[in-house]
1. State all residues of the range 69-80 that are in contact with an Asp or Glu (Cβ under 8 Å, 6 or more places away or on another chain) and within 9 Å of Tyr95 (Cβ to Cβ); if no residue qualifies, say none.
2. Which strands (runs of 3 or more DSSP E) sit wholly inside the range 230-320 and have at least 1 residues that are open to solvent by 20 Å² or more (accessible area, probe 1.4 Å)?
3. For the range 37-53, which residues satisfy the criterion of being open to solvent by less than 60 Å² (accessible area, probe 1.4 Å) and in a loop (DSSP other than H, G, I, E, B)?
4. Residue under question is Gly98, and the condition is that it be under 19 Å from Ile51 (Cβ atoms) and either in a helix (DSSP H, G or I) or in contact (Cβ under 8 Å) with a residue 24 or more places away in the chain (or both); does it hold?
5. Take the residues of the range 205-229 that are assigned to a helix (DSSP H, G or I) and either in contact with an Asp or Glu (Cβ under 8 Å, 6 or more places away or on another chain) or open to solvent by less than 10 Å² (accessible area, probe 1.4 Å) (or both): which is modelled with the lowest pLDDT?
6. Out of Glu301, Glu237, Glu337, which single residue is more than 30 Å from Leu70 (Cα to Cα) and without any contact (Cβ under 8 Å) to a residue 12 or more places away in the chain?
7. Can you go through Ala105, Ala86 and tell me which one is within 21 Å of the chain's Cα centre (by Cα), open to solvent by less than 50 Å² (accessible area, probe 1.4 Å) and at negative phi?
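The values are calculated or read from the model by the stated rules, or taken from the named source; none is laboratory data. Nothing here was measured: the structure is a model prediction, and the numbers come from that model. FYI the Cβ positions are ideal-geometry reconstructions off the backbone, even for glycines, and counts take in every protein chain you see. Surface areas here come from the heavy atoms of the whole protein model, side chains and all, with no ligands, DNA or RNA. Shrake-Rupley method; radii C 1.70, N 1.55, O 1.52, S 1.80 Å.
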Amino acid sequence: MKIFFTAEYNEEELKPLYEVGEVIKDGWALGLPKMPEEELAEKTRDADMIITSYDDITRKVIENAEHLKLIACTRATPVNVDMAAAKERGIPVLYTPGRNSDSTAEMTIGLMLSAARKIPMAYKALKGGEYTGDPSSRKETKEGLKADVIWDMKADAPYMVFKGTQLKGKTLGILGYGSIGRRVGRIARAFGMQLLIFDPFVGEVDVEEIGIKKAHSVEELMKESDFITCHMKVTPETTGIISRERIALMKPTAYFINASRGAILDEEALIEALKEKRIAGAAFDVYESEPIARDHPYRTELDNVVVTPHIAGATDDVLVNHTKQIVSDIKRFLKGEHLLYQYRY
């Protein structure tokens, strides 16, 4: 059994795979870039299995691998696998749904807190030397009083400049209530937030309880939410779902958070809303085009936006999760058992 392996992985969880066959590590598994199609097709010619994270498993790669029996992609959606070509050959494709759900949910809450409390802005200011004091100066406490820890109370003091809003008591609108959306909701509830859910694939009876309500439309969610976060796959229905018209419905005190995909959003319309202060702020881990352009307004113009470079799923725990998922399903495959993580064509 020859297994061609170019995925991110956790070594401890990968060990059982060495007992299955010869594991040939290459490409990303060795810290190398994505492999060109010609090179990948040649190197997988006699492979029984291909396990990858980011390499493109094209029709040419699939058709060139005469002995190929299984393809595994360590991602939540195997977008880099030609599913039609795999189906024609009758080759099962494994994937790893939910591998980064907890990490992405935690990152989403982190983005919410960062935008609401202006944490990155305050950090940048202090690191840049703003609001700092003379090392030799000492505050004197008047007799009969206790030491006061307030820095300053001027209009331009950090207490005023970085004044934000708390999460408790606010309404969080969640667009997409799947694996990640539900986790975000659970954490938000612990903060004391109310949830407003929009997901056409989830019924009221599956959602509604004290503090959680299903919105009847995207428009209702946009109007009533103090924070809005999106957790949807890109489909014809979700592409551009956060449109100019829907952005215009947001409260002037509302924040928009996106750690899913940039394609769901009319980015130009949201930039205008942020520039004109028609909404309070936003935080992004994903963008219309990635990597984000050097001159993008989120970076160069807007002081009410938090940005990170698509790292919501970038934790060591994710590698543990998806390695465990793939290895366990390969064992099932070899035993002829039902596969838990087979992608349905």
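1. Hits for the range 69-80 are Ala72, Thr74.
2. Ranges flagged: 305-307.
3. Thr44, Ala47, Asp48, Ser53 - these are the residues of the range 37-53 that are open to solvent by less than 60 Å² (accessible area, probe 1.4 Å) and in a loop (DSSP other than H, G, I, E, B).
4. When the stated conditions are applied, Gly98 passes them.
5. Restricting to residues being assigned to a helix (DSSP H, G or I) and either in contact with an Asp or Glu (Cβ under 8 Å, 6 or more places away or on another chain) or open to solvent by less than 10 Å² (accessible area, probe 1.4 Å) (or both), the top hit is Val207.
6. Working: Glu301 fails: without any contact (Cβ under 8 Å) to a residue 12 or more places away in the chain; Glu337 fails: more than 30 Å from Leu70 (Cα to Cα).
Residue meeting the stated conditions: Glu237.
7. Answer to the check: Ala105.
Here is a yes/no grid of residues against (1) within 30 Å of Lys170 (Cα to Cα); (2) in a loop (DSSP other than H, G, I, E, B); (3) at pLDDT below 95:
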{"residue": "Ala76", "(1), (2), (3)": "no, yes, yes"}
{"residue": "Lys87", "(1), (2), (3)": "no, no, no"}
{"residue": "Ala105", "(1), (2), (3)": "yes, no, no"}
{"residue": "Ala115", "(1), (2), (3)": "yes, no, no"}
{"residue": "Lys124", "(1), (2), (3)": "yes, no, no"}
{"residue": "Pro135", "(1), (2), (3)": "no, yes, yes"}
